[in-house]
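The values are calculated or read from the model by the stated rules, or taken from the named source; none is laboratory data. Note that the coordinates shown come from a computational prediction; the quantities given were computed from them, not determined experimentally. Quick reminder, even Gly has a Cβ in these numbers, built from the backbone with ideal geometry, and neighbours come from all protein chains shown. We work out accessible area using only protein heavy atoms, side chains counted, and drop any ligands, DNA or RNA first. Shrake-Rupley method; radii C 1.70, N 1.55, O 1.52, S 1.80 Å.
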Amino acid sequence: MRKTWSSMLLRRLLQSILVLIGVSILIFGISRMVPGDPARMALGPRTPEWAVENLRKQLNLDKPLPVQYGLWLLKMLRGDLGESLVTRRLVNDDLRDFLPATAELIVVAAIIEIIGGILLGVFAARYSQTWFDGFTRVLAYLGVATPSFVWAIIFLLIFSFAWPILPATGRLSAGIITPPRITGMIVLDGILSGNFAAAWDCLLHLILPAISLAMYGVAQSARITRASMIENMERDSVYAHAAAGVPRRVIMTKYVLKPSLIPTVSVMALDIVAMAGNAFLVEMIFNYPGLSRYGMTAMLNKDLNAIVAVILILGLCFVVVNIIVDFIVALLDPRVAHYGGV
Amino acid sequence: MEASTVSLKEARREGMRRSWYRFSRSNVAIVGLVGVLLTIVLAIFAPLIAPYPQHASAFVDYENAMVPPSRAYLLGSDPSGRDILSRIIFATRGALKMGIGVLAAVVPLGVVVGLIAGYHSGSAIGVIIMRITDIFLAVPPLLLALAVSAVLKPNLFNAMMAVSISWWPWYTRLVYSMVCSIKNEFYTQAAELTGASKSHIMFREILPNCLPPILTKMTLDIGFVILLGASLSFVGLGEQPPTPALGTMVADGAKYMPQQWWVAVFPGLAIMFIVLCFNLLGDGVRDTLSTEEV
């Protein structure tokens, strides 16, 4: 049993490395699709030709593409993401400033999606064909059909203007002292440094953007959980357990919920990684100082190093999340651990 | 025995009638169909339907700027004094172009690549193609589309291309998995034995049997593609002003948020409506086609 686990881990890791290499080629390809000369664009039209030529040499833009890719990959592997062509700072430093805020937002949204999606799905299945099931169905349809930035506007209007119970924009209220930087995530930093007021305030600021971001995933995972719960509830084994006098609670959690979560977990993983893209849009509405503003200025200014860094990091997250998901699925589905795959 | 007297044409018509019956029994699907038809009519006849067709381009009337929803401006007017309803009606054109254009590019490409990969599954070609789809699917679609359209010139065509680049692998995957099973069917093997050409087997024997799921996926996808397009135009990477685009209208309106809420909210609801109707229609088509297979 242990052996199949480790061989599965090894196989998955090798596959992930292949995918990552592919992603790096894809990203490199995108970054070289730019019409026009990145060096010229970074320096502006008035810079003399020799300066542009220098920067071109410095960025290795004068070498053939495969060589450029090799040099670029080596730099990335060393953790050197280069210098932003616009802010003139190291991309690593920029990311250190902006990434934690976005990561914090995505983590809260992911928690909302996991709890909300599973709870809604389970109760919709448990009370299927009741008003609650109908409500979940409508919510699921609306959730999947509405872009996160439209949810953001609707929630902003309802919960911070019409019925102001939550803060509208930004990351912290005025007058709250930012806790010392430990992880860059203010909620976590606040708790670690004992500044609970800041942690609480930051959490309040996160609720609306996080719900807007999570709506799509909550809708989708609730629907999938409901469908697989109902499928599993009709199994002969469930009737047999019920006939043998196993309490309903035990049947529902151990024999119905556990296998029903397998498809949910895979879909959730995709959703949570996809949040990275949507976080951009939601952050814009809530004026939230995360990666969005940085990424947007990078994109509008064709700041290649910054764009590449942002996508590369998210690609890495995706691969890591996928490996984690494989393990959760293996935990939920004993067949995977036994045979090393279904 | 009676079946032999019925011609193929009649049988097909009977099948269509039965599918329509099944489809029309679902209220949800009918709501979707009506909504989609309404959107298409609005897009085609926009100049005739919109109360102020001239407001769909660069038009300025500062005297009537930011008028709240009223009888003259049903959904209010924007900071330049343009009627929001008229602009939404014209913006449905871009949304539909996005959905249709992307699917027109993605489906043939994805399907042909999937056919090739599936027919050669187990060999190097199949493995390489499927690993390439893995790579494309490893980046979230919105992010890939954002990156691609960011490096290109911002316009509707490039936005379509950006979404297409992130979308074709789904069709390749779908077709691949189906071809893998269909190529072991007796009729495919029979065609192989009688010496049919590769392209005959792929396009005449295998492809027709892949069509229902492809069709279902197309109707389910079109809403999501429109949503992606709206997200791109929200960050200014779609149709460029003065041509109205729903996402751009939401982004511009967000600046005037609590007080002049109508500028952002109505275009947002329009996106919701269009995508919802396409999704409902897609669900209806899926239910119709999937019961037919049984």
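Screening B:SER121, B:SER164 for residues that are more than 10 Å from chain A (Cβ to nearest Cβ), at pLDDT below 85 and surrounded by 15 or more Cβ atoms within 10 Å (Cβ to Cβ) leaves exactly one candidate, B:SER121.
Are any of the residues in the range A:162-169 modelled with pLDDT under 90 and either in contact with a Pro (Cβ under 7 Å, 6 or more places away or on another chain) or charged (D, E, K, R) (or both)? The answer is no, given that none of the residues of the range A:162-169 is modelled with pLDDT under 90 and either in contact with a Pro (Cβ under 7 Å, 6 or more places away or on another chain) or charged (D, E, K, R) (or both). Listed conditions (1) open to solvent by 30 Å² or more (accessible area, probe 1.4 Å); (2) outside any loop (DSSP other than H, G, I, E, B); (3) closer than 30 Å to A:MET215 by Cα are all met by A:ALA124, apart from (1). Where helices (runs of 4 or more DSSP H) sit wholly within the range A:17-97, those with at least 1 residues that are touching a Leu at 6+ places or on another chain (Cβ under 6 Å) and open to solvent by less than 60 Å² (accessible area, probe 1.4 Å) occupy A:38-43, A:49-58. All told, A:ASP271 meets the bar of being surrounded by 16 or more Cβ atoms within 10 Å (Cβ to Cβ), of a type outside the set (A, V, I, L, M) and within 14 Å of another protein chain (Cβ to nearest Cβ).
Of everything listed in (1) closer than 18 Å to A:ASN322 by Cβ; (2) at pLDDT below 80, the single unmet condition for A:ARG40 is (1). Under the condition of being more than 10 Å from chain A (Cβ to nearest Cβ) and either open to solvent by less than 20 Å² (accessible area, probe 1.4 Å) or closer than 15 Å to A:PHE280 by Cβ (or both), the residues counted in the range B:212-228 number 4.
Applying the criterion of being under 20 Å from A:GLY290 (Cα atoms) and in a loop (DSSP other than H, G, I, E, B) to the residues of the range A:180-196, the residue that is nearest to the chain's Cα centre (by Cα) is A:MET185.
In the range B:45-63, of all residues being exposed (fewer than 12 other Cβ atoms within 10 Å of the Cβ) and in a helix (DSSP H, G or I), the one that is nearest to the chain's Cα centre (by Cα) corresponds to B:LEU48. Checking each residue in the range B:255-275 for being over 13 Å from B:ILE84 (Cβ atoms) and crowded, with 22+ Cβ neighbours inside 10 Å picks out B:ILE271, B:ILE274, B:VAL275. One residue stands out among those in the range A:156-182 that are in contact (Cβ under 8 Å) with a residue 24 or more places away in the chain and of a type in the set (Gly, Ala, Ser): the one that is most open to solvent (accessible area, probe 1.4 Å), which is A:SER173.
The sole residue among A:LEU331, A:LEU312, A:LEU281 that is at pLDDT 80 or above and either part of a helix (DSSP H, G or I) or more than 8 Å from every other protein chain (Cβ to nearest Cβ) (or both) is A:LEU281.
Among the residues of the range A:141-179, those that are more than 20 Å from the chain's Cα centre (by Cα), of a type in the set (Phe, Trp, Tyr) and not in a loop (DSSP other than H, G, I, E, B) comprise A:TYR141, A:PHE155, A:PHE159, A:PHE161. Residues that are more than 9 Å from chain A (Cβ to nearest Cβ) and in a loop (DSSP other than H, G, I, E, B) within the range B:260-294 comprise B:GLN260, B:VAL294, listed in sequence order.
Using the structure shown, decide if B:GLY236 is outside any helix (DSSP H, G or I), surrounded by fewer than 24 Cβ atoms within 10 Å (Cβ to Cβ) and either on the phi > 0 side of the Ramachandran plot or within 11 Å of chain A (Cβ to nearest Cβ) (or both). So B:GLY236 passes the test.
Among the conditions (1) open to solvent by 10 Å² or more (accessible area, probe 1.4 Å); (2) more than 14 Å from chain A (Cβ to nearest Cβ), the only one that B:MET249 does not satisfy is (2).
I want to confirm something. Restricting to the range A:287-298 and keeping residues that are within 10 Å of chain B (Cβ to nearest Cβ) and open to solvent by less than 10 Å² (accessible area, probe 1.4 Å), which single residue is farthest from B:ALA264 (Cα to Cα)?
Checked the range A:287-298; the qualifying residue farthest from B:ALA264 (Cα to Cα) is A:ALA298.
Keeping to the range A:299-309, report how many residues are of a type in the set (D, E, K, R) and facing chain B (nearest Cβ under 7 Å). Counting residues in the range A:299-309 that are of a type in the set (D, E, K, R) and facing chain B (nearest Cβ under 7 Å) gives 1. Would you be able to say whether some residue in the range B:80-93 is assigned to a loop (DSSP other than H, G, I, E, B), surrounded by fewer than 21 Cβ atoms within 10 Å (Cβ to Cβ) and touching a residue at least 12 places away in the same chain (Cβ under 8 Å)? Yes, the conditions are met somewhere in the range B:80-93.
Results for (1) open to solvent by less than 10 Å² (accessible area, probe 1.4 Å); (2) outside any helix (DSSP H, G or I); (3) under 27 Å from A:SER31 (Cβ atoms); (4) within 14 Å of another protein chain (Cβ to nearest Cβ), shown as yes or no for each residue.
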{"site": "B:GLY101", "(1), (2), (3), (4)": "no, no, yes, no"}
{"site": "B:LEU109", "(1), (2), (3), (4)": "no, no, yes, no"}
{"site": "B:ALA117", "(1), (2), (3), (4)": "yes, no, no, no"}
{"site": "B:ALA145", "(1), (2), (3), (4)": "yes, no, yes, yes"}
{"site": "B:PRO154", "(1), (2), (3), (4)": "no, yes, yes, yes"}
{"site": "B:ASN158", "(1), (2), (3), (4)": "no, no, yes, yes"}
{"site": "B:TYR176", "(1), (2), (3), (4)": "no, no, no, no"}
{"site": "B:THR188", "(1), (2), (3), (4)": "yes, no, no, no"}
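Scanning the range B:257-294 for residues that are closer than 22 Å to B:ALA91 by Cα and at pLDDT below 85 gives a single hit, B:MET257. Filter the range A:134-155 for residues that are without any contact (Cβ under 8 Å) to a residue 40 or more places away in the chain and more than 10 Å from chain B (Cβ to nearest Cβ) and give the result. Matches in the range A:134-155: A:GLY134, A:PHE135, A:VAL138.
Kindly provide the set of residues from the range B:276-288 that are acidic (Asp, Glu) and open to solvent by 30 Å² or more (accessible area, probe 1.4 Å), ordered by number. Within the range B:276-288, just B:ASP287 meets the criteria.
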